[in-house]
Amino acid sequence: MNNKQFLSELSARCRIDEKKASDGVQTLVSVMEKVFDSGDTISISGFGVLEVKKKGERVSVNPVTGVRMLVPPKLAISYKPSSLLKDKLK
């Protein structure tokens, strides 16, 4: 499902126009960015937990040339689904 299909489905289910659905999604994303910038986690009941984790530096090897390079540490968003969602997907 691409973004346009998602917004169309969301607007149909919420009985709002697609512009309002798009604005709602953009607001959600901006709030999530602020939460992640502060280092907090987001826990949504029935969906799961989103959190920022720090990945350490590591050595990577280019499989074609065999050149080893050091990949610097970075922050990544981690998602852990809730047990309710896991059960629904089985």
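The values are calculated or read from the model by the stated rules, or taken from the named source; none is laboratory data. All of these numbers come straight from a predicted model, not from anything done at the bench. Here the Cβ positions follow ideal geometry from the backbone for every residue, glycine too, while neighbour counts run over all protein chains shown. Heads up: the accessible areas ignore ligands, DNA and RNA and are worked out on the full protein's heavy atoms, side chains in. Shrake-Rupley method; radii C 1.70, N 1.55, O 1.52, S 1.80 Å.
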As an exercise, use a Förster radius of 25 Å and the Cβ-Cβ distance of S45 and Q5 to find the FRET efficiency, rounded to the nearest 0.05. 0.45
What number, in percent, do you get for the relative contact order of the chain if the mean sequence gap of Cα pairs under 8 Å and at least 6 apart is divided by its residue count? 21
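When the solvent-accessible surface of protein heavy atoms is calculated with a 1.4 angstrom probe, in what order do M32, M69 fall, highest first? Could the numbers behind the result be given before it?
Values: M32 50, M69 100 Å².
Listed by decreasing accessible area, they come as M69, M32.
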Using mean projected area of the Cα convex hull in nm² as the read-out, say which of [x] 5.5; [y] 9.3; [z] 6.5 was calculated from these coordinates. [y]
On C-alpha positions alone, give me the angle between the axis of helix 18-37 and the longest principal axis of the chain, in degrees, nearest 10. 40
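Could you tell me what percent of the accessible area of the chain is made up of carbon and sulfur, with a 1.4 Å probe and every protein chain present?
Numbers: 4260 of 7590 Å².
The nonpolar share, carbon plus sulfur, comes to 56 percent.
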As straight-line cross-link partners of K80, the qualifying lysines (C-alpha separation under 27 Å, not fewer than 8 residues apart within one chain) are K4, K34, K53, K54, K55, K88, K90
Given the C-alpha centroids of the range 1-56 and the range 61-78, what is the distance between them in whole angstrom? 29
In degrees, nearest 10, the alpha-carbon axis of helix 3-14 is tilted away from the dominant principal axis of the alpha carbons of the chain by 40
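Compute the accessible area per residue over the chain, keeping the other protein chains in place, probe 1.4 Å, unit Å².
Working: 7590 Å² over 90 residues.
Accessible area per residue, the chain: 84 Å².
About the Cα centre of the chain, what is the dipole size in debye to 20, counting +1 per Lys and Arg Cβ and -1 per Asp and Glu Cβ, all else neutral? Before the final figure, lay out each step's value.
Numbers: 16 positive and 10 negative charges, 72 e Å.
Here the chain has a charge dipole of around 340 debye.
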Can you give the FRET efficiency for V29 and L89, using 1/(1 + (r/R0)^6), R0 = 25 Å, r = Cβ-Cβ distance, to the nearest 0.05? 0.55
